[in-house]
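Please read the structure below before turning to the comments.
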Amino acid sequence: MCHRNAPLTPTGRLRLAWCIVEDGWPLRRAAERFQVSHTTAKRWADRYRQRGWAGMNDRSSRPHHCPHKTPADVEELVVRLRQEHRIGPQRIGVRSGVAASTVHRILRDHRLPPLATLDRATGRPIRRYERSRPGELLHIDVKKLGRIPNGGGHKMLGRAAGRKNRDRAGLAYLHTALDDHSRLAYTEDLPDETAMTCAGFLQRATAWFADHGITIERVLTDNAWAYSKTTWRETCRQLGIQPRWTRPWRPQTNGKVERFHRTLLEEWAYQRPYTTDAERQAAFGDWLDWYNYHRPHTGISGHTPASRVTNVSEQHV
């Protein structure tokens, strides 16, 4: 490929060189005819004499000798550390004794993908997918969250004082249903995760999505006890939904709802200290509305989940 500012293509260079070498044109006459300098004309004529047609192509700008090139054994060490330990350039640089920027270049030259695109357990590239329409697949999962005792937990009182009330406060079971295509989410705080509770949540979630113009076709869960019982299967059958389950020990398959729970903890549950559990729950409705209708989602190119559901009303402004 020619340089973008090159006045001649390989074919033009050949015509220029042919005029000088084969037809005997003077350098300056040929340079004027092809509108280049006489030094350029001489260069292509010399290359034609030496290599013929092959000499008309661009040469690599890579130097013939590079005294500061990283030794091959160091590059092998960097690649091995990445493949065996799956760590980033900063930590590899400490172990190998080279700069992190050099490690980054070596990894790039060896076409090793970024850690963010790999499964940390196996080192294999993560297969990312997205359903083509809302309702085609619904992810469901439960997040256990410690309730806040009256007066505040450890974030308000410190570890020592908060630990005394922790066991008395109990757990909140946050059941979440998340649409794969739009990332629209529906969450309830329920007292447990039994089969009956999970089945009831699915019924209410299906109705909520239906109110937003989404018909659920499939539901994906992990292999928890509640999702393997007849109650769950029968509820799915009554709703006309096909149940699906992740492979054992593979939470990444249900990663979209897992990532939603992480966002939920960071931006709502742990966003600020709460004095009571009721205070935290009171803030949840506004946060979920903001997530669905106003928060830019990086997984869908900065759009909001509601923007991917065409028949969601515009009342949330």
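The values are calculated or read from the model by the stated rules, or taken from the named source; none is laboratory data. Note that the structure is a prediction, hence the values are computed from the model and not measured. Virtual Cβ from ideal backbone geometry, glycine too; neighbours counted across all protein chains shown.
Looking at W245, is it free of Cβ contacts under 8 Å to residues at least 12 places away in the same chain and either on the phi > 0 side of the Ramachandran plot or in contact with a Leu (Cβ under 8 Å, 6 or more places away or on another chain) (or both)? Here the answer is no, as W245 does not meet what is asked.
Filtering the stretch 226-277 to residues that are exposed (fewer than 15 other Cβ atoms within 10 Å of the Cβ), among the hydrophobic types (A, V, I, L, M, F, W, C) and in contact with a strand residue (DSSP E or B) (Cβ under 8 Å, 6 or more places away or on another chain) leaves only L265. Counting residues in the stretch 53-72 that are over 30 Å from W18 (Cα atoms) and surrounded by 15 or more Cβ atoms within 10 Å (Cβ to Cβ) gives one or more. Of the residues making up the stretch 7-54, those that are polar (S, T, N, Q) and assigned to a loop (DSSP other than H, G, I, E, B) are T9, Q35, S37. Only strands (runs of 3 or more DSSP E) whose full extent lies in the stretch 117-202 are considered here, and the ones with at least 1 residues that are modelled with pLDDT of 70 or more and among the hydroxyl-bearing types (S, T, Y) are 171-179, 185-190. Only one of these is of a type in the set (K, R) and in contact (Cβ under 8 Å) with a residue 60 or more places away in the chain: R295, R280, R272, R259. Name it. Result: R280 is the single residue among R295, R280, R272, R259 that is of a type in the set (K, R) and in contact (Cβ under 8 Å) with a residue 60 or more places away in the chain. Condition check for V98 on (1) in a helix (DSSP H, G or I); (2) touching a helix residue (DSSP H, G or I) at 6+ places or on another chain (Cβ under 9 Å): one failure, at (1).
Checked against the criterion of being in a helix (DSSP H, G or I), touching a His at 6+ places or on another chain (Cβ under 9 Å) and in contact (Cβ under 8 Å) with a residue 24 or more places away in the chain, the candidates R82, R91 yield just one match: R82. Only one entry in R247, R272, R218, R259 is among the basic types (K, R) and modelled with pLDDT of 95 or more, namely R218.
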